[in-house]
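Worksheet: one structure, shown below.
Nothing in this text is a laboratory measurement; each read-out follows from the coordinates by a stated rule. Every value quoted in this text rests on a predicted model; they were computed, and no experiment measured them. Here Cβ is always computed from backbone atoms with ideal geometry, including for glycine, and neighbour counts include all displayed protein chains.
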Amino acid sequence: MEENINDNTENNQQPQNQNEQLSKIEELNRSLAQKDKKPTGGWGGLLGAILLALAIRSFLFEPYNIPSSSMVPTLLVGDYLFITKFDYGYSKHSFPFSLPVIPKGKIFENPPQRGDIVIFKKPPENKTDYIKRIIGLPGDTVQMRNGRLYINDTIVPREEKKREVWTTEVGNHLYIRYTETLPNGMQHDIYELTDNAEYDNTLPVKIPEDTFFVMGDNRDNSLDSRYFGVVPSVNLEGKARLIFYSTNGNGWFFQFWRWKEFLRLERFFTDII
């Protein structure tokens, strides 16, 4: 009888030991599962996302919207576009608030081409973003005579296309639309009100090294190098590439039933030249 009792005791202990082992395994699995569920991001993940966004904005692409009519007819008030940041190299002005990440000069510098539409910090205060077209390169001499553009003492040809009324921040005006051909063959449209406006007669400007002469396509409604002088290369932030959205400002995007009234759908995803 004693042998039977001992056998039963041993048999009872074995399931108990197995149960204890299974319980320990389950507890270990729960512990591992809890560790897997713990967030790995937190503030670190948020900081990483912010740094990634800043890196993209500083080194690759940045959105920009057109606030004035100085680049009409090429760019309209209410156009939203992407600029590429890598075309002309990087300086402190490539970064938000012109942080002195690159304290002096530029790295990976590549000069713009005549006719490029560029975003830059307006000299001499070097704080406000402006958008204009590159007209003069280092070594050129640029002058306006009776409303006509001269580069290196040669008149830049223009051909009248049509006359059209356009509304800008200064009211309704009848503009003459010309196609202008720059010395490198680049063609683009400009607007002229008259050939006797404030900056239609200027002294010749010899463009120094590492600077550029810029002008707006709306020649009689643009503060540009005729007003504030040449733009240093270090001030260039990027090149205007693509219009991705455009509105005349008379509605909100969520008003989908009115899209035809205020969205310029024909301008969506168009290249900028």
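Potential lengthening of the chain between Arg163 and Asn196 amounts to 10.1 nm, from the contour at 0.36 nm per residue minus the alpha-carbon distance. In this structure, the amide hydrogen of Asp140, modeled 1.01 Å from its nitrogen in the peptide plane, lies closer than 5 angstrom to those of Ile207, counting only residues at least 5 positions away or on a different chain. Please report the spacing between the Cα centers of the range 217-271 and the range 47-123 in Å, no decimals. What the calculation gives is 14 Å, centre to centre. Using the Karplus relation 6.51 cos²θ - 1.76 cosθ + 1.60 with θ = phi - 60°, the per-residue 3J(HN,Hα) values for the range 81-87 come to 9, 9, 10, 9, 9, 9, 5 Hz, with x marking Gly and Pro. Between Asn152 and Phe262, the distance separating the two model label sites (each 7 Å from Cα on the Cα→Cβ line) works out to 4.9 nm. Here the spin labels are modelled as points 7 Å beyond Cα on the Cα-Cβ line, and at Leu60 and Glu125 they lie 3.3 nm apart. Length gained on full extension, Glu209 to Val101: 36.5 nm, using 0.36 nm per residue less the C-alpha separation.
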